[in-house]
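Notes follow the structure.
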Amino acid sequence: MRMFRFLIVLFLGCVALQLSAQDMRGVFLNAPDEIFPLLEKGYRADLVDYIDAGMKAKVTNRLDGTTELEELGDDYMRLATTASSAMQLKLLPLAGDSVICVVKSVKAEAVDSRIYFYDKEWNMLDDGKFFDYPQIGDFFAADGDGALDMCDIYLVSLTLSAADDILVAEYTMPAYMSADDAAKITPLLRKLVYRWDGRRFVIGQ
């Protein structure tokens, strides 16, 4: 009886350790369906199996389109959910544990992104605690002839790095402009690079 109780305790301890040390595969496979509404868990498992086998990781999603797992690492993944939308996920260290950072992007002429943060149980957290969206003016390294006044639509692409805890923001409205206007605006713009400092994303070099 004591041995049986010991084995139960050992098993539960191992399960708890696995959950606390969950890598991106576990995050992806164990996420609730509302996080990946186009992919039921069986299809997510197929994508992981394909990429582990070195195959093209594509499945037919619930809209009868194609979803592709483009990259999967220990703490990062990139998913082309449809032909015009994508998701990036990153595990970021936070107070001895980690937080799940999710960037969702859609693309027409230009890419537009939104960022979300979750705990390991997929409870949504206040994104303002971890990231402040830049203002349009922040993207201008210089202003010329009222160029900033021409940019009245907030369209920003956010890209997480697979290699380190970096987030890059780019202003994408020029993709909607005429060729002449875009040629005036684009040389004035800069990318904004954010680094995770263990608590939030901050502007870095």
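General observations
- Among the residues of the range 39-53, the ones that are in a loop (DSSP other than H, G, I, E, B), farther than 20 Å from S85 by Cβ and open to solvent by 70 Å² or more (accessible area, probe 1.4 Å) come to 0 in all.
- Remark: pairs (first residue in the range 80-91, touching a residue at least 40 places away in the same chain (Cβ under 8 Å); second residue among the small types (G, A, S); Cβ separation under 7 Å; 6+ apart in sequence or on different chains) = T82/G65; L91/S98.
- Neighbours by Cβ (under 9 Å, 6+ apart or cross-chain): first from the range 176-196, within 18 Å of C101 (Cβ to Cβ) and among the aliphatic types (A, V, I, L, M); second open to solvent by 80 Å² or more (accessible area, probe 1.4 Å) and at pLDDT below 95: L192/I203; V193/I203; V193/Q205
- Members of the range 105-115 that are closer than 19 Å to I166 by Cα, buried (at least 17 other Cβ atoms within 10 Å of the Cβ) and of a type outside the set (V, I, T): S105, D112, S113
- For F36, the conditions (1) modelled with pLDDT of 95 or more; (2) outside any loop (DSSP other than H, G, I, E, B) all hold with the exception of (2).
- Counted as qualifying within the range 140-198 are the strands (runs of 3 or more DSSP E) with 3 or more residues that are in contact with a helix residue (DSSP H, G or I) (Cβ under 9 Å, 6 or more places away or on another chain) and at pLDDT 95 or above, namely 166-171.
The values are calculated or read from the model by the stated rules, or taken from the named source; none is laboratory data. Computed from a predicted model, the values in this text were never measured in an experiment. A quick note on method: Cβ atoms are made from the backbone with ideal geometry, for glycine too, and the neighbour counts reach across all protein chains shown. For accessibility, only protein heavy atoms count, side chains too; no ligands or nucleic acids. Shrake-Rupley method; radii C 1.70, N 1.55, O 1.52, S 1.80 Å.
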